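Report on the structure given below.
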Amino acid sequence: MCSGAYQNELVVLIGKLTFAGKTSIEVRVDTYVESLDGIRKPINRVYLTLVAVNSDGKPVEIPKLVIRTEQEKAEWDAGIKRREIRQQRRQEGF
C-alpha cells in the first residue's frame, strides 16, 4: 500500500457491506489516493461496525444480508471471525 495522501491528491473511499448481525453491520472501507492524472493507489483498509438504533437509542433488528457470491461468503466468514475477536477483546478489558 501507498504511504498516505498528499496535497493535490484526491482521497477516494469505497465502502462495502461485509457482515450483518442481529442489530449491527460491518462495512469494509477501502481508501485510495487519486492523483491529478487519474492514477489511483490504495492506502488503507478499515472495517467499521455500526449498530442500528431507534429514536430512544436502543438497538433494533436489521434485515438479513443476502450473500450471492463466493467473495461475499468469504467476507462474511471473515466478519464472523472479526466479531468473535472483538467480543473476546471486550471480555479481556480492551
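The values are calculated or read from the model by the stated rules, or taken from the named source; none is laboratory data. Keep in mind that this is a model prediction, so the values were computed, not measured. Here Cβ is always computed from backbone atoms with ideal geometry, including for glycine, and neighbour counts include all displayed protein chains. Heavy atoms of the whole protein, side chains included, go into the accessibility calculation; ligands, DNA and RNA do not. Shrake-Rupley method; radii C 1.70, N 1.55, O 1.52, S 1.80 Å.
The table below gives the values:
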{"quantity": "Between helix 70-91 and the chain: long-axis angle, C-alpha atoms, 0 to 90°, nearest 10", "calculated": "70 degrees"}
{"quantity": "Surface share of carbon and sulfur [accessible, 1.4 angstrom probe, percent] for the chain", "calculated": "53 percent"}
{"quantity": "Total formal charge among the other residues, if their Cβ is under 13 angstrom from that of residue 5, Lys/Arg +1 and Asp/Glu -1", "calculated": "0"}
{"quantity": "Per residue accessible area in Å² of the chain, where ligands, DNA and RNA are left out and the probe is 1.4 Å", "calculated": "75 Å²"}
{"quantity": "Relative contact order of the chain, pairs being alpha-carbon contacts under 8 Å that are 6 or more residues apart, as %", "calculated": "25 percent"}
{"quantity": "Under-14-angstrom lysine pairs by C-alpha in the chain, whenever the two are 8 or more apart or on separate chains", "calculated": "5"}
{"quantity": "Trypsin sites (Lys or Arg not before Pro) restricted to the stretch 1-30 and DSSP loop, no more than 12 other C-beta within 10 Å", "calculated": "22"}
{"quantity": "Helical mean residue ellipticity (222 nm; -39500 (n - 2.57) per DSSP H run of 4+; nearest 500) of the chain", "calculated": "-8000 deg cm²/dmol"}
